[in-house]
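Step one of this worksheet: look at the structure below.
The values are calculated or read from the model by the stated rules, or taken from the named source; none is laboratory data. Nothing here was measured: the structure is a model prediction, and the numbers come from that model. Don't worry about glycine lacking a Cβ; one is built from the backbone with ideal geometry, like all the others, and counts go over all protein chains shown. What goes into the accessible areas is simple: the full protein's heavy atoms, side chains included, and nothing from ligands, DNA or RNA. Shrake-Rupley method; radii C 1.70, N 1.55, O 1.52, S 1.80 Å.
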Amino acid sequence: MTGVHERAKTLAGWAGHVPTARLVVVVLLAAVLAFTHGWRSARAHALAREETLLAWMDREAARVRNAAPVRTPARGAPPQGSPLARISALAGQHDLVIARSNDETSGAVTLALDAARADQALLWLEQLEGGLGLRIEQVAISRAAAPGRANLQLRVRAP
């Protein structure tokens, strides 16, 4: 009978712990609900950020679509004449104005462009070497005061 008595004692001991077990279940359930609520709040916040970013991207896409396209000059026969004349003609095709120029006795040409459109100036530099066959010996590019504009100083030589 001691076995039955021991078993009854064990069951009585568990009966005393039932409120504790219920408390553990309630605490775990509360933790799961709090985590779920926090996750939903974080997800809602992330979704709001994504919607804000998407709205900004839509506005910027419209602005970019309405922006003036970069004009690439028509490919044709390269300009003729002295290196400075050819450089000036190519600059005109890119809507660039040469502010200062100097033909050196060594055959090199130094020039400066002030507040030139940076995109057109870079295309122009590429075509000086590729299209006109001139060699750029030295170039310095700095930011101009206006957005999208650059100041250039360069030295070019015919091969």
Item to complete: Can you confirm whether the range 110-119 contains a residue that is more than 22 Å from A146 (Cβ to Cβ), of a type outside the set (D, E) and either at pLDDT 85 or above or surrounded by 12 or more Cβ atoms within 10 Å (Cβ to Cβ) (or both)?
Response: yes
Worksheet item: Could you say whether any residue in the range 57-77 is open to solvent by less than 60 Å² (accessible area, probe 1.4 Å), at pLDDT 85 or above and part of a helix (DSSP H, G or I)?
Response: no
Worksheet entry | R143 vs. criteria at pLDDT 90 or above, open to solvent by 70 Å² or more (accessible area, probe 1.4 Å) and under 16 Å from P83 (Cβ atoms) | no
Response to the item:
Those residues of the range 105-159 that are on the phi > 0 side of the Ramachandran plot and not in a strand (DSSP E or B) come to a total of 3
Item to complete: Collect the residues in the range 137-154 that are aliphatic (A, V, I, L, M) and within 23 Å of the chain's Cα centre (by Cα), keeping them in residue-number order.
Response: I141, A144, A145, A146, A150
Discussion item. For the range 90-100, check the following and say yes or no: at least one residue is without any contact (Cβ under 8 Å) to a residue 24 or more places away in the chain, on the phi > 0 side of the Ramachandran plot and open to solvent by 50 Å² or more (accessible area, probe 1.4 Å).
Written reply: no
